[in-house]
1. Hey, does the stretch 429-452 have a residue that's among the basic types (Lys, Arg) and buried (at least 20 other Cβ atoms within 10 Å of the Cβ)?
2. Taking only the stretch 310-347 into account, find how many residues are in contact (Cβ under 8 Å) with a residue 60 or more places away in the chain, of a type in the set (D, E, K, R) and not in a strand (DSSP E or B).
3. Just to be sure I understand, how many residues within the stretch 487-505 are in a loop (DSSP other than H, G, I, E, B), modelled with pLDDT of 75 or more and among the β-branched types (Val, Ile, Thr)?
4. Having 1 or more residues that are touching a strand residue (DSSP E or B) at 6+ places or on another chain (Cβ under 6 Å) and either free of Cβ contacts under 8 Å to residues at least 60 places away in the same chain or buried (at least 16 other Cβ atoms within 10 Å of the Cβ) (or both) is the bar; report the helices (runs of 4 or more DSSP H) wholly within the stretch 1-83 that clear it.
5. Return the only residue of 368, 358, 386 being of a type in the set (Gly, Ala, Ser), farther than 30 Å from residue 488 by Cα and out of contact with any His (no Cβ under 9 Å at 6 or more places or on another chain).
6. Which condition breaks for residue 722 when tested against (1) modelled with pLDDT of 80 or more; (2) surrounded by fewer than 16 Cβ atoms within 10 Å (Cβ to Cβ); (3) in a strand (DSSP E or B)?
7. May I ask you to verify whether residue 347 is out of contact with any Leu (no Cβ under 8 Å at 6 or more places or on another chain) and on the phi < 0 side of the Ramachandran plot?
8. Does the stretch 863-876 include one or more residues that are touching a residue at least 40 places away in the same chain (Cβ under 8 Å), aliphatic (A, V, I, L, M) and within 21 Å of residue 552 (Cβ to Cβ)?
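The values are calculated or read from the model by the stated rules, or taken from the named source; none is laboratory data. Predicted model, so just to flag it, every value in this text is computed and none were measured. For neighbour counting, all protein chains shown are included, and Cβ atoms are generated from backbone atoms with ideal geometry for every residue, glycine included.
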Amino acid sequence: MSKLAVLSLRNRALIALITIVAAIFGGLALTNLKQELIPSIQLPALSVITTYPGASPDVVNNDVSTPIETAIQSVPGLESTSATSTTNASIIQASFTYGTDLATAEQKILQAINRIKSQLPESVEPNVVSFSIDDLPVMALAVTGYADAETVEAQLTASVIPDIEDIDGVSAAQILGAQGQRVTITPDAGRLAERGFAQTAITDALSQNGMLFPGGTVAEGDQTLTVQTGAKVTSVDQIGALPLVTTNPEQLAQGITRISDVASVELTRDPVTSISRVNGEPALTISVTKLPSANTVDVSRALTAALPDLQDALGDGAEFTVVFDQAPYIQQSIEALAQEGLLGLVFAVLVILVFLLSVRSTLVTAISIPTSVLVTFVGIQAFGYSLNILTLGALTIAIGRVVDDSIVVIENIKRHFVGDADRLGSIVLAVREVAAAITASTITTVAVFLPIAFVGDMTGELFRPFALTVTLAMSASLLVSLTIVPVLAYWFLRPGKPVLDEQGRHIDPEDPAAPPSRLQKAYLPVLRWTLRHSWATLGLAVLVLVGTGALAPLMKTNFLGDSGQNTFTVTQSLGQAPSLTAQDEAAARVEEAILGVDGIETVQTSIGSSGSAMRDAFMGSGAGITYSITTDDHADQAQVQADVKDAVDALDGVGTVTVSAAQGGFGSSDIEIDVTAPDATALGEATDAVVAALDGTDGIGQVTSNLAASLPYVAVTVDREKAASMGLSETAVGAIVAGAMQPRQVGSVEVDGRSLRVYLQAASIPQTIGELQGLQIGPVPLSEIATVAESEGPVSITSQRGQRTATVTVTPATDDLTAASATVTQALDEVDLPTGANASIGGVLSQQQDAFGQLGLAMLAAILIVYIVMVATFKSLRQPLLLLVSVPFAATGAILLQIVTGVPLGVASLIGVLMLIGIVVTNAIVLVDLVNQYREKGLSAHDATVAGSARRLRPILMTALATIFALTPMAMGITGHGGFISQPLAIVVIGGLVSSTVLTLLVLPTLYNLVEGARERRAARRAGAGDAEGPGAVAAEGSGVVAAEGSGVVTAEGPDAVAPADAEAPVSRRALRDQH
């Protein structure tokens, strides 16, 4: 690699030009990078969503969920499935192994469903959907203050939504909470019977008219024209004018009978199924999603700028309120990390200045930071990543490291370029001495991230961009240190003062006999003491290691820390099937309480279902009340959430209110317990037992179960014999009841450019159980042939591969998952479950265990990779093992700092440990590399250790302190934003660097001297005492230093000499030859 420096020095103008061009391209890349909160992630999962209107959970489970779940089990790459059956809908989650082609998997699932399509109810149509981070809305707007909801909805649909979708980067805009319109056909049974038609004649007329048919082509003159038969139905009047198709002579004799003759045809509003409010006022919500390639911040800015014009066009006193916007938090997080990175850069530069005491040298070294960062931006754009809290966090972490290689190079150049030394020769010599060491140290730093490529689940998806960013930054820093830094040193550095020995003669600064600096004078007595008391030093180090290990259980743990984002969710449930009116009244009280909490800016309330069974099933909001809350971004988010919880807990008669516990924006911090049992009765008993065992336990907050509430429903039990006596089957009775109870979609019509669904509904829909009992089934009421009574069933049915399951959700009352896990595990061990029932821990705890396990294996793989790199560097199997001792000792500082700061150990912390493995050996490589160079010149292991340690003291301290101070702003979280990933990572690296630096400067030299010194003594004994007096070797009595002929090594003398006077050394040249 030193040849790269020689080439650069020979082409200095070209290197300067390349540097300028790289900086320009880096700046352009920075301005063009997408800004996002987290990397865009495509989860390896597909959902099969099926709507089955009017069906209870039991019916949905038996008729839809179980057949589909069974059918898709043979799809390649499928890891697990789970089915959730609720009223009106089924959702089946299919999880695949990472790396599965989801497009192919989707085709396979559709093929499997098509094979059993005949077994499914006729009215259901399964839909297969995937999910990625890009599917989440980037903004949500609320429209309030209007007088006429119908008029506003029409204006939004006609003009506002198209205008929003025309904004660059916007994928779609949807109105949530709009009531909508439909065409309702209500047959008149008397008039139908009078004209001899059945109700099916209406559906036949709709299905057989309004269709377009291709009719081939005809030649007209010199043109060929296509023939098209039929015309679309485009109005309500046209639907009413459709003729019924006659099927017998009596109908034909009466003349033409139109739909309007036997039924009313009206344009009506959809049934009210939900209520939406913002800060207590009725509202409509517009959800805006972006294109995958779009910049979230740019989309938000463009939409925000367009809001005044959209509001003016809307009129009617309506106002837009932003209830959710990703952009401000993204900007805050990015700006916070950028500020912390700039502060870290300043601190690192100050550290360099303090050690080098040269503005020129400091500037030459510091130039590597912006240059490496700008080159990294080019790489990020080339690999298609965005600027988010992970990639920017990686850059901020790397700021303290990208300067390391340049520090080592410039420090060695300053050591050699003194007096009247040749400028070019000194720089080349200095770079040649350290090129191999800094290359190896950089490779070890980036190589530890290779195992991240094999880490699956969310952890691998999130941190692969992080790993790539660090790799790019460190690789750029190595290139800068070997090309740009030597050129800048050639141009700007001035020769330093020559080093003089005690006689005033010039002496090579690298010579062991060179007088020590003030820093070395403070260090050498400590080093000599550790070398004289090697076993005591190692024993003390082991004691510290064991003691720190004993303190490890005191660390808190989590999965991913709280992001501090200024949005959270509150949910409210009123129990068994509450009416929309009851929910509305209860929600008003909770809204008032939440709005009274300091720090709350916006409360968006959604009551009931959205009106779309598919959306409710997929988004999990099919019932109940949801509050989406936006807070003041400068407020203490944890405290605001706690205040909201206290405010709603003080209310009576509002049901169960739960404040969400989101974690890092990537999932929930709740612990889930999956309960399985052979039947529904045992499942209920087991679930109740688990809830009872956990409820009220220390460290546990709320405990809920998806079996905790039952859903009332009206059960119609047909007497098959009585029905058969009237010529009816159970299926026929069920069809008559379904047709009378719920409108049936029979088609669609395009009116004024809008597609409206057409529904056929009974003239009189039973509204009570009594009215349902009186429903006429032929000549008798329903109660004559069936029992109609209220019953209860589950709100939802969850199954895995056909076996019913229940989920108990536990919200920890602390941020320490370890403590919560121990409590939950102990409670489960003590609970008495029914025969055949089982309870296992899942949720965030399962995610944490999987992530910790995979990252643990990644660390072992990283250590192996580092060992291989060092074997290639030192051409030895033994010496790299000495350097790897620094890895467990680095953990001591990391553990202690985690405990002191109280920051939980999570996935981000383990990524820091992984990074630390590569970092802690870099200084050791630089030190041992120089020690080996001294030994090649003839010094004994002891003297080479002392000389090498003293010479590498300054660069080791500089690199360590530069990194520590560069990460200090991030570890302190001084900006208060975006630190949930970077802060724990920085704390681990700082703590590990502190302990590993002490190890490198004291324990590693001691261990090296013990192992290599013992090897030298064995070699000397094998050589035999007769060769000790061989010609050409001079043993300096009492000095412990061998001066080999032509080596240029000067025997150290004096109390302050670097080479100590009490070292044991080889006593013959043969011994040295045997050694090398």
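1. Here is the first cut: in the stretch 429-452, the ones among the basic types (Lys, Arg) are 432.
The next check asks that each one be buried (at least 20 other Cβ atoms within 10 Å of the Cβ); those that pass are none.
So far as the stretch 429-452 goes, no, none of its residues is among the basic types (Lys, Arg) and buried (at least 20 other Cβ atoms within 10 Å of the Cβ).
2. Within the stretch 310-347, residues that are in contact (Cβ under 8 Å) with a residue 60 or more places away in the chain, of a type in the set (D, E, K, R) and not in a strand (DSSP E or B) number 3.
3. Of the residues in the stretch 487-505, 0 are in a loop (DSSP other than H, G, I, E, B), modelled with pLDDT of 75 or more and among the β-branched types (Val, Ile, Thr).
4. Details: elements: 2-10, 12-32, 57-60, 66-71.
Helices (runs of 4 or more DSSP H) meeting the threshold: 57-60, 66-71.
5. Numbers: 368 fails: farther than 30 Å from residue 488 by Cα; 358 fails: farther than 30 Å from residue 488 by Cα.
386 is the lone residue from the list that is of a type in the set (Gly, Ala, Ser), farther than 30 Å from residue 488 by Cα and out of contact with any His (no Cβ under 9 Å at 6 or more places or on another chain).
6. Just one mismatch for residue 722, condition (3).
7. Values: out of contact with any Leu (no Cβ under 8 Å at 6 or more places or on another chain): yes; on the phi < 0 side of the Ramachandran plot: yes.
Yes: the conditions hold for residue 347.
8. yes
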